[in-house]
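As structure tokens, the structure follows; a few thoughts come after it.
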Amino acid sequence: MMKRALLFGATGAIGQSAARTLAAAGWSLYLQGWHHMDRIGALLTDLAADYPQQEFLPLQLDFTARDAVAALTPQLYGVDALVFSQGITDYELFAEAPAAVLDAQWQVNVRMPLLITQALQEKLAQSGHGRVVYLGSVYGGQGSPMEVMYSTTKGALSAFAQAYAREVASLGITVNVLAPGAVDTPMNAAMLAGGAKTALAAEIPAGRLAQPQDIAYWLQVLLAPQAQYLTGQTIYVSGGWRI
Ligand SMILES: NC(=O)c1ccc[n+]([C@@H]2O[C@H](COP(=O)([O-])OP(=O)(O)OC[C@H]3O[C@@H](n4cnc5c(N)ncnc54)[C@H](OP(=O)(O)O)[C@@H]3O)[C@@H](O)[C@H]2O)c1
């Protein structure tokens, strides 16, 4: 039977790698993006050529739209897994963060993922091996200055996953957070210019930043039917950094 995952943030650095890793593991995918749907187009061409027996469908959705859940659910057939790899952050002192910035991070990182999970619980239960994975962060476990709200949203996902996992374990659904440390992505490139990357790598016990594949590997493990007994956890994939 075809197993289908809904991958949010498929246009992001980790999402793009996750899409390829999950496709290689036999998953059919709904690939969500918002501003950068061109990146989904390129991915779809590759995946359709490499895995002709599987289905790959694009999905454009703005998590800040009030009616995002209503817009999403009629577009879906069955779904066995939800992966939330979308996310936004903002760098500033908390004392200077406008309420609109705090609201946007809450909406995109937490509120919308939770409402989507709620709306799709029944479909996940029908799967028998329903899976929910939220991309968290080491900052959800050890908060970061200048990213206080981001740290808060990631910590909230970990708290939510632990509680909600207990409600749905009897339905065969597992709920976990995959929490990367520092990942070598374009999003971080500006921050890591001019020797900052070498300095950061020296701080990380593993001696380097993560590549997106280092994260995607664990995602595919969490989605496997054999991972049924692991639920409510936050898995830190950080090369020993911070956590
Ligand atoms: N990179 C790291 O070092 C790192 C470390 C720890 C945790 N993480 C977490 O891992 C996840 C993926 O990170 P990444 O590096 O792949 O991030 P990224 O490259 O910045 O990608 C962000 C994703 O979020 C989507 N997104 C942004 N605003 C949206 C909106 N309003 N509605 C719907 N989707 C929206 C983007 O879609 P469009 O571009 O199409 O709008 C994109 O797919 C995030 O949750 C991040 O917090 C990353």
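Each value in this text was obtained by applying a stated rule to the coordinates, not by laboratory testing. In this text the structure is predicted, and so the values were computed from the model without any measurement. Every residue, glycine among them, receives a Cβ derived from its backbone with ideal geometry; neighbour counts consider all protein chains shown.
With a/c under 1.5 counting as rounded, go ahead and sort the chain into rounded, prolate or oblate using the C-alpha gyration tensor (a ≥ b ≥ c being the square roots of the eigenvalues; past the cut-off, prolate if a/b is larger than b/c, else oblate).
Taking the square roots of the gyration eigenvalues as a ≥ b ≥ c, the chain is rounded.
Percent relative contact order of region 4-235, based on C-alpha pairs within less than 8 angstrom and at least six residues apart? Intermediate values should be presented prior to the final figure.
Details: 392 pairs, mean separation 48.7, N = 232.
Computed value for region 4-235: 21 percent relative contact order.
For region 145-243, what is the relative contact order in percent, using Cα pairs closer than 8 Å and at least 6 residues apart in sequence?
Details: 111 pairs, mean separation 40.4, N = 99.
Relative contact order of region 145-243: 41 percent.
DSSP H helices in the chain with Cα extent of 27 Å or more along the helix axis and mean Kyte-Doolittle hydropathy at least -0.5? All intermediate terms of the calculation are to be shown ahead of the outcome.
Working: long enough: 148-168 (30 Å, 0.21).
Passing helices, by number: 148-168.
Among T45, L59, G172, pick out the residue whose Cα is farthest towards the positive end of the charge dipole of the chain, where Lys and Arg carry +1 and Asp and Glu carry -1 on C-beta, about the Cα centre.
My answer, from the dipole projection, is G172.
Tell me the net charge near Y139. Cut-off is 9 Å between Cβ atoms, Y139 excluded, with +1 for each Lys or Arg and -1 for each Asp or Glu.
Numbers: positive: K154, R242; negative: E147.
Result for the neighbourhood of Y139: +1.
Based on DSSP H runs of at least 4 residues, each adding -39500 (n - 2.57), what is the mean residue ellipticity at 222 nm of the chain after dividing by all its residues, to the nearest 500 deg cm²/dmol?
Numbers: 9 runs with 100 residues, N = 243.
After summing the helix terms and dividing by the residues of the chain, the value is -12500 deg cm²/dmol.
Between region 122-167 and region 1-60, what is the C-alpha centre distance in whole Å?
For region 122-167 versus region 1-60, the Cα centre distance is 22 Å.
Using a Cα-Cα cut-off of under 16 Å, which lysines could be cross-linked to K3, ignoring same-chain neighbours fewer than 8 residues away?
Output for K3: K123.
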